[in-house]
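Have a look at the structure below before the remarks.
Read the figures in this text as sums done on the coordinates, not as results from a lab. For clarity, every value in this text was computed on a predicted model and none was experimentally measured. Positions of Cβ are generated from backbone atoms using ideal geometry, with glycine treated the same way; all protein chains shown enter the neighbour counts.
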Amino acid sequence: MRVLVIGGTLFIGKLLVKRLLNEGHEVTIMHRRAEHPFGRKVRNAVADRNDAATIRTALTGMRFDAVYDIAYDWERGTTSQQVEATAKAIPGDLTRYIFMSSVAAYGDGLNHAEDDPLASDIHKDPYVRNKASSERALFRMYHESKFPVVTIRPPFVYGPENPFYREAFFWDHLKADRPIIIPGDGNRLMQFVYVNDLVEACYRALEKHTAPGRAFNVADDKPLTQVEVVNEFAKIMGKQPQVVRVPRELIARQGGNAFQEPLYFAQYYDMPPITQTIGRVRRVLGVTPTAFQVGLKETYKWYTKHHTPRPINAAFEDNLIRLAKELHR
């Protein structure tokens, strides 16, 4: 197949491109840079995924059988109008348009099945709003013209080469014998998916004839609390974590940020819980999730060989810990 990957040079996309190449597909990457890490075997198309005009120009003379749309503009956002315009700008008789959505598309709540309602178009979080409305736009195209969309809804993705400061955040702290701050009571639920499982689901959606017109939750079976997550990360290192619970109100007053420095917990990991059920991905795509400990072990191997520990903002963290202890005196 002639496959276009929108994005494709980091983490999920990089692994997906390698899988497509190994299976003998002809791959083109579309992104904003003039180079990529795959050499001559992968064609490069330079365009802004939010600008359909540049996409049409970049893909002039090409035709595709399938598309993976896995790029999201974290600085500007990617709206449903931009996703729909991108989908309509791809030349060729497409048999698949596989869109990387997110568990966030549900907005909130636990144990979501794929047919549950998605978040509204006026949701306060732009990422949630954009993912949910983009899915609605693509499924509207499916119902109007049988546009062959498949959407994938992962929760927190982990694995080697994760560009977000997530797994490495905990291992850097444990390696330095630093205490780990637990926000609030630490009982917020988190659900994960190993990057290899996510890529496997994406690949099988390309081949499975019953996939178009459907969404797929792709995740581990069991959500974990934040405390359980920290314990699992420590177990991989053979360490016992030092944990200190700090009220979220105190963290917020001191400027702690879930997304960027000063981080108090791994990046994006302190969010209101949204969890999902995963029966459909097993039944239709035949994907069984990798056990969390197995995936973490492989991720930790990569960390020990390739990761350079980041400086820890000890002054910020120590101040939070001191203030939290004062509250309990």
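A few remarks follow.
- Scoring 298-304, 167-173 by mean Cβ neighbours within 10 Å over their residues and listing the highest first yields 167-173, 298-304.
- Here the extension length gained between E144 and R2 equals 48.6 nm, from 0.36 nm per residue of separation less the Cα-Cα distance.
- Here the extension length gained between K88 and N187 equals 31.3 nm, from 0.36 nm per residue of separation less the Cα-Cα distance.
- Surrounding net charge for V287, when Lys and Arg each add one and Asp and Glu each subtract one, Cβ distance under 15 Å: +2
- Among T225, T275, a tally of other beta-carbon atoms within 10 Å of each Cβ gives an order, fewest to most, of T225, T275.
- A simple packing score, the average count of other Cβ atoms within 10 Å per residue, orders the peptides 35-41, 116-122 as 116-122, 35-41, with the highest score first.
- Evaluating 6.51 cos²θ - 1.76 cosθ + 1.60 at θ = phi - 60° for every residue in the range 260-274, the Karplus couplings come out as 8, 4, x, 6, 10, 8, 4, 4, 6, 7, 10, 10, x, x, 9 Hz, glycine and proline recorded as x.
- Between E23 and T304, the distance separating the two model label sites (each 7 Å from Cα on the Cα→Cβ line) works out to 3.2 nm.
- Rounded to the nearest 500, the helix-only mean residue ellipticity at 222 nm of the chain stands at -11500 deg cm²/dmol, with each DSSP H run of n ≥ 4 adding -39,500 (n - 2.57).
- GNM result for the chain, Cα springs below 10 Å: residue of R248, R214, R129 fluctuating most strongly: R248
- A simple charge model with +1 on the Cβ of Lys and Arg, -1 on the Cβ of Asp and Glu and nothing else charged puts the dipole of the range 1-155 at about 620 debye relative to its Cα centre.
- Residues in the range 272-314 reached by a label modelled at K222 [backbone nitrogen below 11 Å; 7 Å Cα→Cβ]: 292-293
- Cα centroid of the range 1-48 to Cα centroid of the range 283-329, whole Å: 29 Å
- Amide N of the range 166-196 lying under 14 Å from the label point, which is placed 7 angstrom from the Cα of Q254 along Cα→Cβ: 179-184
- Most tightly packed first, judged by the mean number of other beta-carbon atoms within 10 Å of their residues, the peptides 307-318, 76-87 read 76-87, 307-318.
- In units of the compact-protein estimate 2.2 N^0.38 Å, the range 243-287 shows a Cα radius of gyration of 1.78.
- Close amide-amide hydrogen proximity is noted between R32 and A47, each under 5 Å apart and 5 or more residues distant or on a separate chain (H modeled in the peptide plane; Pro and chain starts excluded).
- When Rg and Dmax are taken over the Cα atoms of the range 188-318, they come to 17.7, 55 Å.
- Put the Cα centre of the range 152-169 next to the Cα centre of the range 97-151 and the gap is 21 Å.
- For E75 and R329, the FRET efficiency from 1/(1 + (r/R0)^6), where r spans their Cβ atoms and R0 equals 51 Å, is about 0.75.
- Cα-centre dipole for the chain with unit charges at Cβ (Lys and Arg positive, Asp and Glu negative), debye to 20: 540 debye
- Taking Cα centre as origin and charging only the Cβ of basic (Lys, Arg, +1) and acidic (Asp, Glu, -1) residues, the dipole magnitude of the range 199-329 rounds to 260 debye.
- Only Cα sites of the range 1-87 enter the Debye sum here, all with the same form factor; the resulting log10 I(q)/I(0) across q = 0.11, 0.19 1/Å is -0.27, -0.82, listed in q order.
- Here r is the Cβ-Cβ distance between R282 and A315 and R0 is 35 Å; the resulting FRET efficiency, rounded to 0.05, is 0.15.
- Rounded tilt (10° steps) of 226-237 against the dominant C-alpha axis of the chain: 90 degrees
- Amide H contacts under 5 Å for V67, placed H, 5+ residues apart: L4, R96, Y97, I98
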